[in-house]
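Read the structure below first, then the notes.
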Amino acid sequence: MPRGLTILGLESSCDDTAAAVVRQRAGARPEILASVVHGQTALHADYGGVVPEIAARAHAEKLDICVEEALAQAGIGLAEIDAVAVTAGPGLIGGVLSGVMCAKGIAAGAGLPLVGVNHLAGHALTPRLTDGLDFPYLALLVSGGHCQFLLVEGCDAFTRLGGTIDDAPGEAFDKTARLLGLPQPGGPAVERTARGGDPARFSFPRPLLDRPGCDMSFSGLKTALLRARDALIAEQGGLYEADRRDLCAGFQAALRDVLAEKSRRALDQCTGLTGFAVAGGVAANAAIRAALSSLAEAEGVPFLAPPLALCTDNAAMIAWAGLELFRAGHRDGFDLAARPRWPLDGAAPALLGSGRKGAKA
Amino acid sequence: MPPDAARILAFDTSAAHCAAALLSGGTVLATRSEEMDRGQAERLFPLLEEVLAEGGLGWRDLDAVAVGTGPGNFTGIRIAVAAARGLALSLSRPAIGVSGFEALAEAAPGPVLASIDARRGMVHLQLLDGEQAAAPVTAPLDALPPLPGAAGAACIGHEAGAVAAVLGARAAAPRLPVAQAIAQVAARRRDRPQPRPAPLYLRGADAAPASDQPPVILP
């Protein structure tokens with residue numbers, strides 16, 4: 001294949017509508033020819049979180065527009081595309097369905113193969129897009145919806161070493177911001193406010209550090225923050241800026257400590273790693289990134305954190321994962337289903353969710 | 001090519017079905033309708049390819065796609081609309097949105113009161129007369145408001161008999177299967193520019209404003 005592979009990717013599993021074009025020529029590094037992301041933050045601002053029906057409505061009327069923008073930015077037509085890759089789960093089902101159906105329409109009309117991509121695989125394979133990282137490596141996916149350690153041994157070979165048994169850290173950042181009257185998304189707001197704060201003033205728990213393994217829990221941390229806030233409000237009738245700084249600093253430090261210690265344990269379980277990569281929106285947090293980076297250095301493993309735009313939800317990672325899968329021979333039929341739940345590692349016991357709908361993670 | 005010679009593929013998943021029709025110059029080449037409560041997203045494209053194959057046409061032979069925009073099941077109308085928009089993009093052909101009301105009224109002589117199930121004991125109603133249409137209303141079936149112009153209209157659709165009795169209309173059956181009706185409405189519209197199809201929800205998203213009250217920030 002002299003001209004290599006050029007893949008169109010679509011992503012709509014949460015509150016970002018995205019389309020991208022990724023190309024890899026034979027023997028060369030992959031290139032992102034276009035990556036378009038339309039966020040929905042403003043649509044959900046009044047609701048204290050992403051409202052699935054509002055998200056689905058926006059995706060359904062935005063996806064084709066994003067694809068047109070991405071193709072225009074890349075300066076190519078569908079005739080130069082080799083396959084259409086689309087997030088087929090896990091995520092908010094209304095959005096995933098809109099993406100899958102739009103992708104089917106594009107693939108059918110253009111006579112192109114269709115590749116359904118696991119959103120988590122998109123995040124986990126991003127270090128290969130950005131840095132050409134070889135297998136096997138350890139990936140920590142840490143975002144608003146997910147938190148798990150994955151040993152990545154191939155584009156469809158993932159072993160989950162551990163993960164959250166309740167909330168995701170990004171969710172905890174958002175909740176913290178709401179509890180403290182800070183804007184959404186909570187991650188950047190809490191990080192900004194934590195600067196200059198005293199992380200030791202409040203004693204926040206480090207859940208599950210006393211237990212072996214790589215599983216994590218963050219819901220108790222949220223509760224501890226709520227209690228500390230309510231105690232201050234009962235005493236003073238409100239919060240001083242210094243209180244907010246110290247609460248944010250303490251919360252962030254607790255989260256950082258849990259992620260760093262569990263990362264150490266995950267690294268210790270693996271041998272022959274080419275690197276330790278972090279992905280997901282929470283990877284943008286400088287304090288967490290610094291802790292993970294120094295841990296990797298101490299363990300003698302290269303540390304990788306993709307640029308922010310490729311850590312948060314985007315379609316370049318879906319196009320790239322689709323490219324790797326396509327090259328490995330994966331194709332999906334037009335009966336491709338959208339899946340709200342889709343664990344990357346089908347063999348690991350469920351951490352979250354069970355019953356009729358199956359494991360969430 | 002005159003508009004009525006157009007080759008149009010129409011489909012609808014706004015209720016518990018997956019329906020499609022392929023028209024060429026006003027002639028139905030192939031049609032399918034399958035009842036299903038779920039699974040439309042998986043079934044739609046295989047069904048469309050069966051219809052095309054039966055009609056002896058390929059995707060590239062189409063002059064337009066037409067899609068039912070609802071109202072109806074939110075997920076169902078998004079499935080069809082997203083598919084239609086993807087097809088419009090890849091085929092460089094228009095995708096034409098047709099409401100469920102227009103589909104019910106298609107080919108009926110005189111004014112029509114179209115009625116669509118809105119769940120929770122409610123019904124969506126719209127009065128149509130040729131190219132004229134009043135604003136749709138959503139009302140409880142057991143407390144329908146008076147609708148000026150409904151008297152004497154043919155009431156077609158969900159609970160048509162009950163609605164007709166209350167509003168002074170007469171109940172009638174749809175003249176055409178839904179996908180064929182959508183294709184015919186779209187065929188008439190092809191001669192003028194059409195907006196991208198958009199779901200017709202007629203009901204807001206269920207969402208409660210955030211319950212967390214921000215704390216007082218002290219000076």
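The values are calculated or read from the model by the stated rules, or taken from the named source; none is laboratory data. Treat the numbers as computed from the prediction; the structure is a model and nothing was measured. Here the Cβ positions follow ideal geometry from the backbone for every residue, glycine too, while neighbour counts run over all protein chains shown.
I need the full set of residues from the range A:318-340 which are over 12 Å from A:Thr87 (Cα atoms) and assigned to a loop (DSSP other than H, G, I, E, B), in order please.
A:Ala328, A:Gly329, A:His330, A:Arg331, A:Gly333, A:Phe334, A:Asp335 - these are the residues of the range A:318-340 that are over 12 Å from A:Thr87 (Cα atoms) and assigned to a loop (DSSP other than H, G, I, E, B).
Can you confirm whether B:Ala205 is modelled with pLDDT under 95 and within 14 Å of chain A (Cβ to nearest Cβ)? Quick ask: steps written out before the conclusion?
Numbers: modelled with pLDDT under 95: yes; within 14 Å of chain A (Cβ to nearest Cβ): yes.
Criteria met by B:Ala205.
Per-residue answers, yes or no, for (1) among the small types (Gly, Ala, Ser); (2) farther than 25 Å from A:Leu344 by Cα; (3) assigned by TED's automatic domain parsing to the domain that holds A:Pro185; (4) within 17 Å of the chain's Cα centre (by Cα):
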{"site": "A:Arg25", "(1), (2), (3), (4)": "no, yes, no, no"}
{"site": "A:Glu31", "(1), (2), (3), (4)": "no, yes, no, no"}
{"site": "A:Ala42", "(1), (2), (3), (4)": "yes, yes, no, no"}
{"site": "A:Tyr47", "(1), (2), (3), (4)": "no, yes, no, no"}
{"site": "A:Asp64", "(1), (2), (3), (4)": "no, yes, no, no"}
{"site": "A:Gln73", "(1), (2), (3), (4)": "no, yes, no, no"}
{"site": "A:Ala83", "(1), (2), (3), (4)": "yes, no, no, no"}
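Being surrounded by fewer than 16 Cβ atoms within 10 Å (Cβ to Cβ), modelled with pLDDT of 95 or more and either in the same structural domain as A:Gly39 (by TED's automatic domain parsing) or touching a Cys at 6+ places or on another chain (Cβ under 9 Å) (or both) is true for just one of A:Arg195, A:Arg227. Which residue is that?
Selected residue: A:Arg195, the only one of A:Arg195, A:Arg227 that is surrounded by fewer than 16 Cβ atoms within 10 Å (Cβ to Cβ), modelled with pLDDT of 95 or more and either in the same structural domain as A:Gly39 (by TED's automatic domain parsing) or touching a Cys at 6+ places or on another chain (Cβ under 9 Å) (or both).
Out of the residues in the range A:15-27 that are within 18 Å of A:Gly322 (Cβ to Cβ) and part of a loop (DSSP other than H, G, I, E, B), which is nearest to the other protein chains (Cβ to nearest Cβ)?
A:Arg25
Residue check, A:Gly272 against (1) outside any helix (DSSP H, G or I); (2) crowded, with 16+ Cβ neighbours inside 10 Å, all met but one. Which one?
(2)
Could you list, in sequence order, all residues of the range A:57-80 that are more than 10 Å from chain B (Cβ to nearest Cβ) and more than 29 Å from B:Gly70 (Cβ to Cβ)?
Answer for the range A:57-80, where residues must be more than 10 Å from chain B (Cβ to nearest Cβ) and more than 29 Å from B:Gly70 (Cβ to Cβ): A:Ala72, A:Gln73, A:Ala74, A:Gly75, A:Ile76, A:Ala79, A:Glu80.
Filter the range B:59-116 for residues that are polar (S, T, N, Q), within 22 Å of B:Leu176 (Cβ to Cβ) and within 13 Å of chain A (Cβ to nearest Cβ); which is surrounded by the fewest Cβ atoms within 10 Å (Cβ to Cβ)?
B:Asn73
Conditions (1) in a strand (DSSP E or B); (2) modelled with pLDDT under 95, marked per residue:
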{"site": "B:Ser115", "(1), (2)": "yes, no"}
{"site": "B:Leu147", "(1), (2)": "no, yes"}
{"site": "B:Ala151", "(1), (2)": "no, yes"}
{"site": "B:Ala171", "(1), (2)": "yes, no"}
{"site": "B:Ala179", "(1), (2)": "no, no"}
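Does the range A:109-130 contain at least one residue that is within 30 Å of A:Ala224 (Cβ to Cβ), touching a residue at least 24 places away in the same chain (Cβ under 8 Å) and within 14 Å of chain B (Cβ to nearest Cβ)?
Taking every residue of the range A:109-130 in turn, none turns out to be within 30 Å of A:Ala224 (Cβ to Cβ), touching a residue at least 24 places away in the same chain (Cβ under 8 Å) and within 14 Å of chain B (Cβ to nearest Cβ).
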